[in-house]
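The values are calculated or read from the model by the stated rules, or taken from the named source; none is laboratory data. Just so it is clear, the structure is predicted and the values come from calculations on it, not from any experiment. Every residue, glycine among them, receives a Cβ derived from its backbone with ideal geometry; neighbour counts consider all protein chains shown. The area values use the complete protein model at the heavy-atom level, side chains included, leaving out ligands, DNA and RNA. Shrake-Rupley method; radii C 1.70, N 1.55, O 1.52, S 1.80 Å.
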Amino acid sequence: MLALISRVQNISNPPSSAVQPKEKAALRFGCLGAAKIVPTALATPAKSHSDVVLYAVAARDKVRAEEFARKYGFHKSYGGPSGYQDLINDPEVDVIYNPLPNGLHFEWTMKALEGGKHVLLEKPATDTEDEARQIFALAQKKGLVVLEAFHYRFHPSIQRVKAILDSKELGEVKSISAALSAPEGTAKPDDIRWKYELGGGSTMDPGSYTVNVLNYLASPLKSKSVLSASAKRYSSAPQHKQVDKEFTATVSIENDILGELFSNLNESRILGIIPRFPKLKATVHCEGGTVEIFNFLIPHYYHYITVSSTGKQSRVEKAYKFTNGSKGEEWWTTYRYQLEAFVDKVRGRKPQTWVESQETITNMRLIEEIYAKDGFGSRPQSNYEHHDE
């Protein structure tokens, strides 16, 4: 309990010893939009990274941009209809962080790459597989870094699960299941996650994590196809005809492995009163036992890994810090580990781990297949067109 309290305190307010002075040539980050995720995903992690400067933020509303900059420590702000492009055009900006609504990811990531900026891109990367392919093709052409921000992948806990599987301690993998849910009301009725035109839906939010963790734990074996999928609408309103609050899917993986996925962005209260505890598990059944991680999404607060081997007593593990000398502290969040890796990649160093471009492309392919199978259809392709120079 004391360790938990200490972690939570340090996550919210990194210890003074960890708040480092910035290097003279530190990477200058520009943030597109004043999104709620920015403090958690970038502003707080940047405090303890000497090579990251919160340089500028842009928002459609000039006053909001100014207030956001003051509150979270950005040096300057851009606002108004041209604010996003003005930020990209700023020659002092090295990196763009893109936490805009899903439906805007493609356009503004392409514009950032066209402007010569590296991009830390919130998940899911795009609305379609084709958009993801275009992004990485342009990044490769320009020699720029793009990372789809599946932050949990950078934490020691999920990597420990993968190490257990790779060790073959439990034999070959037979099936993988992943489930994520959020209590009713987490996303309010006017939330962008319920807007089809902005790439909304449960499959695009918690669902994208379940697809990613399935592919990660199965690797190097590959997902082949979606065998079945079903979904439930957020509401009966016409605008929600293609917006799912819940989905389930079965995925075929090489070597006859099956994957079972579930997500719900608005899980109903028990008896209409009691909020349900979120589903936060990934479970792998193997020939000789099972390994399960509770809270793979935000394990920095609390998690546990249960290893159950046939004929042996089960054990519980936790992994808040790497034991092989890799950088990190007990209180580092998934986002702080991710930022470390991203900066290493931009600087030409080998990151501790990475989400490869093909993983992002595969993720979007499977999401589109799920939407095709359940009848909700892919999210709308962006109208933005890139023209080669």
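Residue check: Phe74 meets all listed conditions (1) among the hydrophobic types (A, V, I, L, M, F, W, C); (2) in contact with a helix residue (DSSP H, G or I) (Cβ under 8 Å, 6 or more places away or on another chain); (3) open to solvent by 10 Å² or more (accessible area, probe 1.4 Å); (4) closer than 21 Å to Gln381 by Cα but one, namely (4). Just one of (1) among the hydroxyl-bearing types (Ser, Thr, Tyr); (2) farther than 20 Å from Ile176 by Cβ; (3) at pLDDT 95 or above trips up Thr306, so point out which. Only one criterion is unmet by Thr306, namely (2). Restricting attention to segment 15-50, the residues that are under 22 Å from the mean Cα position of the chain (by Cα) and not small (Gly, Ala, Ser) total 15.
Set side by side, the residues Ser175, Ser181, Ser208, Ser235 differ, and just one is open to solvent by less than 50 Å² (accessible area, probe 1.4 Å), among the hydroxyl-bearing types (Ser, Thr, Tyr) and under 20 Å from Leu100 (Cα atoms), which is Ser208.
Give the residue, chosen from Ala58, Ala3, that is surrounded by 21 or more Cβ atoms within 10 Å (Cβ to Cβ) and either among the polar types (S, T, N, Q) or not in a loop (DSSP other than H, G, I, E, B) (or both).
Details: Ala3 fails: surrounded by 21 or more Cβ atoms within 10 Å (Cβ to Cβ).
Just a single option satisfies the conditions, and that option is Ala58.
Against the condition part of a strand (DSSP E or B), out of contact with any Pro (no Cβ under 9 Å at 6 or more places or on another chain), under 19 Å from Leu280 (Cα atoms) and open to solvent by less than 40 Å² (accessible area, probe 1.4 Å), how does Leu265 come out, does it pass? Judged against the criteria, Leu265 is not a match. Residues in segment 126-170 that are within 22 Å of Thr210 (Cβ to Cβ) and in a loop (DSSP other than H, G, I, E, B) were compared, and the one that is farthest from the chain's Cα centre (by Cα) is Leu170. Would you check if Val53 is touching a Ser or Thr at 6+ places or on another chain (Cβ under 6 Å), touching a residue at least 12 places away in the same chain (Cβ under 8 Å), surrounded by 21 or more Cβ atoms within 10 Å (Cβ to Cβ) and part of a strand (DSSP E or B)? Here the answer is no, as Val53 does not meet what is asked. Of all residue pairs spaced 6 or more apart or on separate chains, none has beta-carbon atoms under 7 Å together with a first member in segment 2-31 that is under 30 Å from His303 (Cα atoms) and free of Cβ contacts under 8 Å to residues at least 12 places away in the same chain and a second member that is surrounded by 12 or more Cβ atoms within 10 Å (Cβ to Cβ) and of a type in the set (Ser, Thr, Tyr). For segment 17-36, a residue qualifies if it is assigned to a loop (DSSP other than H, G, I, E, B), farther than 21 Å from Lys117 by Cα and out of contact with any helix residue (DSSP H, G or I) (no Cβ under 7 Å at 6 or more places or on another chain), and the qualifying residues are Gln20, Pro21, Lys36. Within segment 331-380, restricting attention to residues that are closer than 26 Å to Ala41 by Cα and open to solvent by 60 Å² or more (accessible area, probe 1.4 Å), the residue that is nearest to the chain's Cα centre (by Cα) is Glu356.
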